[in-house]
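The structure's right below; bear with me while I get my questions together.
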Amino acid sequence: MLGNRNELALGEKSSSEDLVIEASGLAREFGETVAVDGLDLQVGLGEILGLVGPDGAGKTTMLRLFAALVKPSAGSVTVFGHDTIRRPGHIHARLGYMAQRFTLYPDLTVQENLRFYGDVRGVRGRERAERNDRLLEFAGLTEFRGRLAGKLSGGMKKKLALACALLHEPELLLLDEPTTGVDPVSRREFWDMLGELHSQGVTMVVSTPYMDEAERCSRVGLVFRGRLLACDTPSQIKDSVSRELVVVWPEILSEARHALEEMDWISEVQPYGDQVRVLVEDADAALPRIQQEFEEAGIAIQDIRPAPVRMEEAFVSLIQRQYGAQDDADMSITNGNGTRVHDR
């Protein structure tokens, strides 16, 4: 669908020609609210950067700054070497932007929405017809081309929005939580589409609250309170956690959690659904010690075992190290099934 482009090898130092986005000291305030706070970031040619963080972390504002839709309060950002304030038109022509909310016309058909966006982007005639057919097939919407957009399922709406964003064959895609609110099968299909685009060399920045989606990105930026806490490959972010993980399935969650929090030799305690996940220096040594202390306290458990550290633990651990304990609004992130990772 799009011509192949050379990818930036991860770990190599970027030259200016390799960079698609470069932000320096980027900030954006809305009244007294600081949405983005001193962002320094480079996005290389051909990579998928995932922006991960809870609601209100600043992910959407970052994407809107990259898309030259809002102006920075401080700092600067260039896209394809163009300053977003001085030359926004040069940027808009080369990027596709997909908002979090469904922004297409519900009273137009799938085909009519594509035709409209083609007109907006200056794609007309035979070229538009060929791209329409190709994108409908790519998105699995060919048989639904005559259906009203408002009658599509949530997953189909997301695919149509992506198809419209791709109509002018952009080199950069900015996707704001593109799979929020859709079923797991549709999420997988959508990410399969992104994987195909990535193989064709399209650069993407994707914001998401889902940690399993972050695992599919070239690099992950962990965002909290408008700041970029870390930005690295998924494996390197997980490896940055110096502790090991033990997972406990207790009979009574609150009882076990309270007891674990009283054990001062445990580094961190993270409730997770019906589990309590604890970070310790040595998982093998911690297992019998936790079992013994629970037995002495009369706390029943169903199971306890060591487990590999995941992105969830790395993110929450990083936040706790930098900020300490937070409230629900600050700390809520989700795993692949929509389950809250942390719930204080």
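The values are calculated or read from the model by the stated rules, or taken from the named source; none is laboratory data. These figures come from a predicted structure and were not determined experimentally. All Cβ positions, glycine included, derive from the backbone under ideal geometry; neighbour counts span all protein chains shown.
Being at pLDDT 95 or above and polar (S, T, N, Q) is the filter here; which residues of the stretch 175-217 pass it?
Answer for the stretch 175-217, where residues must be at pLDDT 95 or above and polar (S, T, N, Q): THR203, SER207.
A further question on this structure: Could you list, in sequence order, the residues of the stretch 110-125 that are within 16 Å of LEU95 (Cα to Cα) and assigned to a loop (DSSP other than H, G, I, E, B)?
Within the stretch 110-125, ARG121, GLY122, VAL123 meet the criteria.
Please work out which one of (1) farther than 21 Å from LEU49 by Cα; (2) out of contact with any strand residue (DSSP E or B) (no Cβ under 7 Å at 6 or more places or on another chain) is the condition ASP274 fails and give its number.
Single failed check for ASP274: (2).
Do you know which residues across the stretch 238-265 are assigned to a helix (DSSP H, G or I) and out of contact with any Lys or Arg (no Cβ under 9 Å at 6 or more places or on another chain)?
Result: ASP239, LEU253, SER254, GLU255, ALA256, ARG257, HIS258, ALA259, LEU260, GLU261.
Name the residues in the stretch 199-229 that are over 28 Å from HIS168 (Cα atoms) and not in a loop (DSSP other than H, G, I, E, B), would you?
If the condition is that a residue be over 28 Å from HIS168 (Cα atoms) and not in a loop (DSSP other than H, G, I, E, B), then TYR210, MET211, ASP212, LEU222, VAL223, PHE224, ARG227, LEU228, LEU229 are the ones that fit.
Given the conditions (1) within 20 Å of GLY195 (Cα to Cα); (2) buried (at least 18 other Cβ atoms within 10 Å of the Cβ); (3) at pLDDT below 95, and given that LEU172 satisfies all but one, which numbered condition is not satisfied?
That leaves (3) as the condition not met.
Next up: Consider the stretch 237-273. How many of its residues are exposed (fewer than 15 other Cβ atoms within 10 Å of the Cβ) and under 25 Å from the mean Cα position of the chain (by Cα)?
Of the residues in the stretch 237-273, 4 are exposed (fewer than 15 other Cβ atoms within 10 Å of the Cβ) and under 25 Å from the mean Cα position of the chain (by Cα).
Looking at (1) closer than 30 Å to GLY298 by Cβ; (2) touching a His at 6+ places or on another chain (Cβ under 9 Å); (3) of a type in the set (Ser, Thr, Tyr), which is the one condition that is false for SER254?
Condition (2) is where SER254 drops out.
Look through the stretch 48-89, keep the residues that are among the charged types (D, E, K, R) and within 11 Å of SER207 (Cα to Cα), and return whichever of them is nearest to the chain's Cα centre (by Cα).
Ranking the qualifying residues of the stretch 48-89, first place goes to LYS59.
Of the residues that sit in the stretch 274-305 and are in a strand (DSSP E or B) and among the basic types (Lys, Arg), which one is surrounded by the most Cβ atoms within 10 Å (Cβ to Cβ)?
Ranking the qualifying residues of the stretch 274-305, first place goes to ARG277.
Report, ordered by the first and then the second residue, all pairs with beta carbons closer than 9 Å, sequence separation of six or more or different chains, a first member in the stretch 170-197 that is of a type in the set (Lys, Arg), and a second member that is assigned to a helix (DSSP H, G or I).
Partner pairs satisfying both residue conditions: ARG187/GLY155; ARG187/LYS158; ARG187/ASP212; ARG187/GLU213.
When only residues in the stretch 21-64 that are part of a helix (DSSP H, G or I) and aliphatic (A, V, I, L, M) count, which is nearest to PHE315 (Cα to Cα)?
So, considering only residues that are part of a helix (DSSP H, G or I) and aliphatic (A, V, I, L, M), the one nearest to PHE315 (Cα to Cα) is MET62.
Condition first: in a helix (DSSP H, G or I) and polar (S, T, N, Q). Now tell me which residues in the stretch 131-157 satisfy that.
Passing the criteria: ASN132, THR142.
Of SER235, SER240, which residue is touching a Leu at 6+ places or on another chain (Cβ under 8 Å) and either at pLDDT below 95 or of a type in the set (D, E, K, R) (or both)?
After ruling out the rest, the residue left standing is SER240.
Does at least one position in the stretch 163-183 carry a residue that is closer than 30 Å to PHE30 by Cβ, in contact with a Pro (Cβ under 8 Å, 6 or more places away or on another chain) and not in a loop (DSSP other than H, G, I, E, B)?
For the stretch 163-183, residues closer than 30 Å to PHE30 by Cβ, in contact with a Pro (Cβ under 8 Å, 6 or more places away or on another chain) and not in a loop (DSSP other than H, G, I, E, B): absent.
For the stretch 64-85, give me the residue count where each residue is touching a residue at least 12 places away in the same chain (Cβ under 8 Å) and of a type in the set (D, E, K, R).
So the answer is 1.
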